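Here the structure is laid out as structure tokens; the discussion comes afterwards.
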Amino acid sequence: MLRQNTLLFLVVALFAGFGQAQDPIYSQFFAAPLQLNPAFTGNTEGPHIALNYRNQWSSFVNSAQAYETYSVSYSQFSRRLNSGFGLMVLSDDAGQGLIKTNRVGGFFAYRLQMTRDNFLKHGVEGSLLQTRLAWEKLIFGDQIDRINGIRSPGGSVIPTEEIAPDNLSKAVFDVSTGFLIYSKNFYGGVALKHLNTPNEALLDVNQNLNAGLPLRLSIHGGGQITLVEGNIRRQGSLISPYVLFISHVDFGQINAGAYASFGLVYGGLWYRHANTNPDAAILLVGVRKDFFRIGYSFDLPVNPNLSLGDSGGTHEVSVIFNFERPNSVDYNDCFKLFR
């Protein structure tokens with residue numbers, strides 16, 4: 001148990017040292033559209049509120065909270081200004097509080113109608129990003145006794161001679177942008193996060209490595225096949241196939257699958273491929289009623305060569321409040337998946 005906990009601390013400590021930790025990416029990216037692309041800001045004319053929770057690798061090193069991400073977002077479209085406005089608060093917790101990253105961001109998107117049925121949206125995000133390292137949670141080699149572990153015979157924690165850095169917390173400003181082109185049946189988009197490559201590194205292990213948080217590129221597209229027309233009071237039926245590609249530093253992934261909604265019930269099945277390795281099959285189930293919907297998804301690992309052992313998979317929950325008017329407009333787009 002001690003060895004496993006020490007491994008977890010060392011893994012996340014390396015991320016803090018080099019400042020190259022990956023962005024949190026929700027499996028239910030369509031339930032957290034602002035995190036995917038700021039151009040999704042303002043998909044509804046009524047207030048749209050999304051609450052998201054992700055528990056990644058739930059059994060990694062016997063920890064039920066190895067990597068957790070929480071977020072809440074608000075967005076709304078103004079027809080008078082032809083623009084969308086949004087806010088998001090996100091917290092990413094690695095190693096049970098060892099490294100915690102908090103983000104508070106503002107979003108804006110402008111819509112341009114190119115033809116009768118084709119639109120272009122450009123979105124921007126400005127966020128304050130704050131990272132903190134809990135030095136007291138780290139365990140170093142000089143604290144481990146071969147017989148007693150990290151505690152002395154008297155029960156107290158063995159002290160370390162390692163010296164804590166001067167700064168255990170850092171705040172930076174982060175800028176992102178994105179574009180969407182869409183019609184009633186199809187959409188495609190691209191997003192670039194960390195345009196200003198902010199340096200969030202806490203430990204100056206090697207100054208040559210602290211070049212800032214690298215750009216994250218997202219390319220995504222999909223469609224909407226309407227089976228039964230519906231509105232805010234009477235849910236219709238539809239199928240939405242989609243594909244998502246993300247590249248960040250040496251990490252890359254492709255998600256491909258489909259979302260389906262039949263009245264009060266919806267679900268989805270898709271596959272995620274990371275770099276050159278199979279990663280996970282993702283299953284989604286949920287229910288929706290009027291302005292409320294809740295969904296649960298599970299990432300089932302499919303990589304036979306996992307070096308981290310049994311990760312336990314990843315659990316994710318989304319809760320959406322869509323406060324559209326009862327007689328809402330008939331949107332000329334294919335974003336029912338994101339509402």
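Here, each number is a calculation from the coordinates, and none is a lab measurement. In this text, all values refer to a predicted model and were calculated from it rather than measured experimentally. Heads up, the Cβs are rebuilt from the backbone with ideal geometry, glycines too, and the neighbour counts pull from every protein chain shown.
Quick notes on this one:
- Spin-label model, Lys289 to Ile254: label points 7 Å out along the Cα-to-beta-carbon direction sit 4.1 nm apart.
- Segment Gln130-Asn118, extension gain: residue separation times 0.36 nm, minus the distance between their alpha carbons: 0.5 nm
- Efficiency of FRET between Phe140 and Tyr296 - r from beta-carbon atoms, R0 41 angstrom, step 0.05: 0.55
- Sequence of Lys170, Lys121 once ranked by neighbouring C-beta atoms within 10 Å, starting from the fewest: Lys170, Lys121
- Sorted by Cβ neighbour density within 10 Å, fewest at the top, the residues Tyr26, Tyr182, Tyr110: Tyr110, Tyr26, Tyr182
- Contour minus Cα-Cα distance for Val89 and Asn199 (0.36 nm per residue): 37.6 nm
- Karplus-based coupling profile of the stretch 92-105, in residue order and whole Hz: 10, 10, 10, x, 6, x, 4, 10, 10, 10, 10, 9, 10, x, with θ = phi - 60° in 6.51 cos²θ - 1.76 cosθ + 1.60 and x standing for Gly or Pro.
- Neighbour counts of C-beta atoms inside 10 Å place Leu269, Leu284 in the sequence Leu269, Leu284, starting with the fewest.
- In order through the stretch 130-137: 3J(HN,Hα) via Karplus (6.51 cos²θ - 1.76 cosθ + 1.60), integer Hz, x for Gly, Pro: 10, 10, 9, 10, 8, 4, 5, 8
- In Hz, Karplus ³J(HN,Hα) per residue of the stretch 262-267 (6.51, -1.76, 1.60; θ = phi - 60°; x = Gly, Pro): 10, x, 7, 10, 9, x
- Cross-link reach list, lysines versus Lys193, counting only Cα pairs under 25 Å and skipping chain neighbours closer than eight places: Lys100, Lys121, Lys170, Lys336
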